[in-house]
Amino acid sequence: MKIGTILILSFLIIGIIGSIGGSYYQYLGASEIITNQVIDHLESTASLMENSIESAISEEKTELEIMARLTDITSKELNEILNAGQDFYELFVMDSTGKIITSTTESQIGIDRSNDEYFINARKNTYVKPSYFSEDTQRNAISISTPYNGGVLVARMELKYFDQFVSERNGLGETGEGLLAYSDGEDNPVFFTERRFQDQAGEESASQKQILPISEALNKNEIVVTDSYDYRGEKVIAITRYIDEVEMGLVVKMDRSEAIGVAENELIRTGIILIILIMIFVSLAGFLVSRSLSKPIKKITKDVNEITKGRLDIQLPKSKIYELQNLADSLNRILASLKLAILRTGIHKSAIGIGEAVKAKKEAEDKYQILYEKSMEAIMMLGGGNWNFISGNPATLKLFGLKDEKELLSKTPGELSPKYQPNKKLSSEESKKMIQLALKNGSHSFKWKHKRVDNKEFYASVMLTKIPLGGKDVMQATVRNITNEVQAKNRYKELFDSINEGVAVYRAVENGKDFVFEDYNKRAEVIDNIKREKLIGKKLTEVFPGVKESGIFDKLVKTYKTGKSQNWDSAAYEDKRLGKTIRRNYTYKLPSGEIVAIYRAIKAKGAKKK
């Protein structure tokens with residue numbers, strides 16, 4: 001088979017494999033991007049629905065607490081309240097023994113409810129009885145109860161009320177929807193809001209129930225489901241949420257076929273077109289490469305044929321292709337030997353192709369030697385079974401205070417390091433780990449504490465690089481003294497921790513919607529009665545819940561947005577942990593974009609001292 005044919009077939013096979021692999025990789029990447037976009041949209045929708053439901057429950061609790069401020073409410077007044085457009089379907093009052101004394105449902109008066117959760121748990125505080133099926137009213141409901149005149153005021157809400165929060169399907173396409181359900185006590189979901197495809201719902205098997213997204217939600221698993229089935233048996237992408245106060249499961253979902261099906265088909269079509277184009281391209285490339293190879297080979301073949309005919313004055317031409325050049329050099333040497341045998345004359349080695357190779361090798365060696373000798377960085381080579389020094393440049397000798405390379409070779413790496421590193425571990429053990437990482441990865445950089453021959457210690461940055469030499473692996477180590485940098489950092493840390501004001505360093509997140517703790521000094525720990533490790537990486541609003549009400553948060557945002565420092569001395573801050581304090585603050589923005597707050601705090605008048 002001709003070399004041209006072999007090359008074209010090889011290129012074609014490689015092109016097919018590469019294009020199929022590339023297209024598949026592109027498909028996976030694009031599919032993941034599309035799926036993530038759908039997930040982001042579903043997550044935002046689920047969060048909106050969840051927040052709306054929780055806000056509604058909070059409002060209903062507040063309304064009931066306001067009702068409880070009235071005294072001696074009669075059944076007539078309860079009915080008037082109910083008919084005034086409240087979201088409850090039943091109101092009743094129980095006395096201190098749990099007996100219903102007033103109700104919008106006359107038949108309930110006199111019934112003893114002292115064992116019911118909404119009586120037991122609401123004697124002191126407002127209580128929400130989670131989702132359940134009311135045997136009295138034959139409705140899916142929740143109950144909200146609150147202390148009232150020594151007894152309890154109870155309001156029942158039908159769960160259909162919450163349908164309004166999940167029925168909006170804008171942006172959810174033709175198959176998307178929000179679902180709410182509660183567990184019937186036997187791990188079976190009870191849907192109480194309208195399902196978009198109710199007519200397609202069937203009886204699920206026990207195994208199917210375990211994989212329904214709503215089952216995940218009711219098991220308190222707030223997750224992203226990308227390959228599960230809904231109540232119709234359709235594959236969906238779903239987001240699950242659990243509303244703990246009312247023990248409801250929330251699912252926002254969309255059919256997978258709608259979410260990414262069209263895009264998948266388009267990606268497959270694009271992949272096929274791409275494969276065809278790549279096959280055409282590599283076939284053309286294979287043809288051109290085979291031609292570029294076959295042409296000089298034909299020329300060499302022609303010249304060799306002429307030589308066999310007695311034309312010894314022919315010199316085979318040079319080629320840009322390395323292998324062909326080697327072949328030409330070999331043939332030229334054979335031709336030179338033939339001429340020598342025939343003419344009995346000598347030829348200089350440069351005439352048979354050796355001179356240029358020797359010259360190039362010498363130039364490369366000289367260039368590396370100059371770089372090695374003149375480098376300002378300490379460069380040393382380690383080898384052998386124990387990874388001892390085998391060479392070092394002048395910068396290495398200067399760094400460690402050595403007289404010459406001979407003295408370096410008489411030392412082991414352990415002798416140029418203290419016994420222990422700053423992490424309290426043995427230098428001998430740590431150095432082995434660093435070398436193993438460099439051998440595994442090809443190179444490895446790290447911080448290290450070294451020691452000169454006069455026993456003066458210094459901090460260094462080290463880069464280990466594995467280099468093959470003479471058929472074996474050696475290690476090139478490049479070492480730089482960073483003692484000044486470490487000392488400067490330590491001085492900053494000492495100043496930071498010894499200053500008599502609290503200092504906090506923040507990083508803005510979500511364009512200033514909140515701030516994350518980056519650093520926190522010891523004085524701040526005392527002022528705020530909290531340890532640094534408990535808040536680093538956490539949001540300001542999580543650690544200090546009253547920060548927005550105090551006005552401090554707005555000042556931080558202003559400093560972040562404008563870059564101008566803020567100085568104010570009368571910010572009142574209050575929370576359960578610290579009580580009420582008056583804070584004097586000064587904030588400014590670093591070039592890195594981080595925000596620094598320097599502050600003092602005093603207890604407000606009347607505040608309890610801890």
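Under the simplified labelling scheme, the Val304-Glu168 pair shows an inter-label distance of 8.2 nm, with each label point 7 Å from Cα along Cα→Cβ. Above 20 angstrom, tally the Cα pairs of the stretch 99-238 and express them as a % of all pairs, no decimals. Across the stretch 99-238, Cα pairs with separations above 20 Å total 57 percent. Evaluated on the stretch 162-258, the Kirkwood hydrodynamic radius is 13.3 Å, with distances taken between all distinct Cα atoms. Measuring spread by the Cα atoms of the stretch 113-159 yields a radius of gyration and Dmax of 10.3, 29 Å. Dividing the radius of gyration of the alpha carbons in the chain by their Kirkwood radius gives 1.17 for Rg/Rh.
Hydrodynamic estimate: the Kirkwood radius of the stretch 1-152 over Cα pairs, inserted into Stokes-Einstein at 20 °C and 1.002 mPa s, corresponds to D of 105 µm²/s. When the C-alpha to C-alpha distance is required to be over 19 Å, the pairs from Lys124/Lys576; Lys424/Lys451; Lys555/Lys589; Lys374/Lys433 that qualify are Lys124/Lys576; Lys374/Lys433. For Lys493, a cut-off of 19 angstrom between C-alpha atoms picks up these aspartates and glutamates, skipping any fewer than 8 places away in its own chain: Glu485, Glu501, Glu518, Asp519, Glu525, Glu533, Glu594. The share of C-alpha pairs in the stretch 134-180 whose separation exceeds 14 Å stands at 64 percent. Between Lys320 and Ser257, the simple label model (points 7 Å from Cα in the Cβ direction) yields a spacing of 5.6 nm.
Consider all pairwise Cα distances in the stretch 522-610 and report the whole-number % of them above 19 Å. Across the stretch 522-610, Cα pairs with separations above 19 Å total 40 percent.
Bear in mind these aren't lab numbers, they're just calculated from the coordinates by the rules spelled out. Quantities reported herein were computed from a predicted structural model and do not represent experimental measurements. Neighbour counts run over all protein chains shown; Cβ positions are idealised from the backbone, glycine included.
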